Amino acid sequence: MSPTMIAPVVVEENNRYQKGVKHLCDNGLTKVPTKYIWPEPDRPIFTKSDKLTKPKQNLKLPIIDFAELLGPNRSHVLRTIAEACETYGFFQVVNHGMEGDVSRNMIEVCKKFFELPYEERSKYMTSDMSAPVRYGTSFNQNKDNVFCWRDFLKLYAHPLPDYLPYWPSSPSDFRSLAATYATETREMFEMMVKAIMESLEIDGDDNEAAKELKEGSQMVVVNCYPPCPEPELTLGMPPHSDYGFLTLLLQDDVEGLQILYRDEWVTIDPIPGSFVINVGDHLEIFSNGRYKSVLHRVLVNSTKPRISVASLHSFPLTSVVKPSPKLIDEHNQPQYMDTDFATFLQYISTREPKWKNFLESRKIHHL
């Protein structure tokens with residue numbers, strides 16, 4: 001085949017992948033296309049030096065009982081939060097007060113969205129990262145050299161009245177159910193911020209950062225991971241840390257989330273109805289490195305689709321993020337440069353986002 005004949009074929013293949021893995025699967029797929037096959041060392045199970053390496057057994061994260069956080073055991077719960085943020089960068093929250101129907105309805109209506117015909121879903125497909133609604137695939141479909149087995153729907157959610165009219169109108173109850181979910185996760189986030197500040201021994205009642213976070217950004221990201229014919233060859237999401245302050249993750253009952261713990265990938269046991277909460281890069285910067293944004297990734301499987309809904313929260317997009325002045329003294333120098341959202345966008349617009357590279361670029365290396 002001549003080069004002039006190859007070019008249209010490559011373009012056609014790329015266009016096919018840009019439509020997402022749900023579209024591929026709906027049209028029948030028995031093998032993972034080459035575009036989705038990760039280099040051997042990055043795969044969930046890989047052969048190295050003739051030895052089959054498998055992830056370690058599942059990990060049970062520290063569990064925070066929200067009811068106890070609001071009761072007489074608050075000081076004990078705050079210590080547990082501090083230890084979890086320092087050791088794992090993750091913890092799970094139960095008894096959080098969000099009515100069961102709210103989380104169940106959100107999972108169900110998101111499933112319905114991804115079951116819509118591609119033509120309906122594709123109305124929201126755009127490469128504009130500032131769009132109020134963005135449907136897409138992989139991690140960053142415009143930058144990724146290897147695609148991951150994931151489609152997503154991203155919704156800007158604060159201030160909610162500004163963005164709600166742009167959200168999908170189909171399924172018919174999507175906006176109302178997603179709006180309730182976004183509102184209640186925001187309330188949970190605000191209570192978690194107060195607990196985080198207390199755990200860092202920062203006064204939450206007189207705290208400029210807490211006030212900024214109350215007015216800060218919120219993005220709801222719905223992730224769809226269809227069944228994969230060869231899950232050992234690909235990933236649902238590559239290793240990454242979250243850019244913001246805190247992420248509140250709702251999962252269905254299908255496991256897939258892994259975190260890097262003591263240099264090993266370990267799978268997180270999903271607890272029905274719970275939220276997984278993780279430290280973002282902004283909280284690591286704000287805590288001056290005390291709390292860690294930990295690398296995590298997502299596995300896929302060959303039998304069950306998986307849905308997760310992440311509510312990502314941080315400072316307003318115009319804010320400067322820096323170590324808290326209350327955590328800096330002559331014995332504790334700032335470990336990170338000031339940063340803002342524009343710096344982050346400039347960074348990821350020029351390279352493929354990987355691991356914790358952006359956060360590493362903000363570190364101060366003291367002599």
How many of the residues making up the stretch 56-99 are surrounded by fewer than 17 Cβ atoms within 10 Å (Cβ to Cβ), on the phi > 0 side of the Ramachandran plot and touching a residue at least 40 places away in the same chain (Cβ under 8 Å)?
1
Positions within the stretch 307-348 being open to solvent by less than 20 Å² (accessible area, probe 1.4 Å) and without any contact (Cβ under 8 Å) to a residue 40 or more places away in the chain, in sequence order
Val321, Pro323
Of the residues that make up the stretch 100-116, is at least one assigned to a loop (DSSP other than H, G, I, E, B) and either farther than 26 Å from Ile285 by Cβ or without any contact (Cβ under 8 Å) to a residue 60 or more places away in the chain (or both)?
yes
Scanning the stretch 123-139 for residues that are of a type in the set (Ser, Thr, Tyr) and either outside any helix (DSSP H, G or I) or loosely packed, with under 15 Cβ neighbours inside 10 Å (or both), the one modelled with the highest pLDDT turns out to be Tyr135
Select the helices (runs of 4 or more DSSP H) contained entirely in the stretch 262-367, then report the ones holding at least 3 residues which are in contact with a strand residue (DSSP E or B) (Cβ under 8 Å, 6 or more places away or on another chain) and modelled with pLDDT of 90 or more.
281-286
Mind checking whether some residue in the stretch 161-178 is open to solvent by 60 Å² or more (accessible area, probe 1.4 Å) and at positive phi?
no
Identify the single condition in (1) over 21 Å from Leu250 (Cα atoms); (2) within 19 Å of the chain's Cα centre (by Cα) that Ser169 does not satisfy, given that it satisfies every other one.
(2)
What number of residues in the stretch 205-222 are at pLDDT below 90 and surrounded by 15 or more Cβ atoms within 10 Å (Cβ to Cβ)?
1
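The values are calculated or read from the model by the stated rules, or taken from the named source; none is laboratory data. This structure is a prediction, so every number in the text was calculated from the model and none was measured. Reconstructed Cβ throughout: ideal geometry from the backbone, glycine too, with neighbour counts over all protein chains shown. Heavy atoms of the whole protein, side chains included, go into the accessibility calculation; ligands, DNA and RNA do not. Shrake-Rupley method; radii C 1.70, N 1.55, O 1.52, S 1.80 Å.
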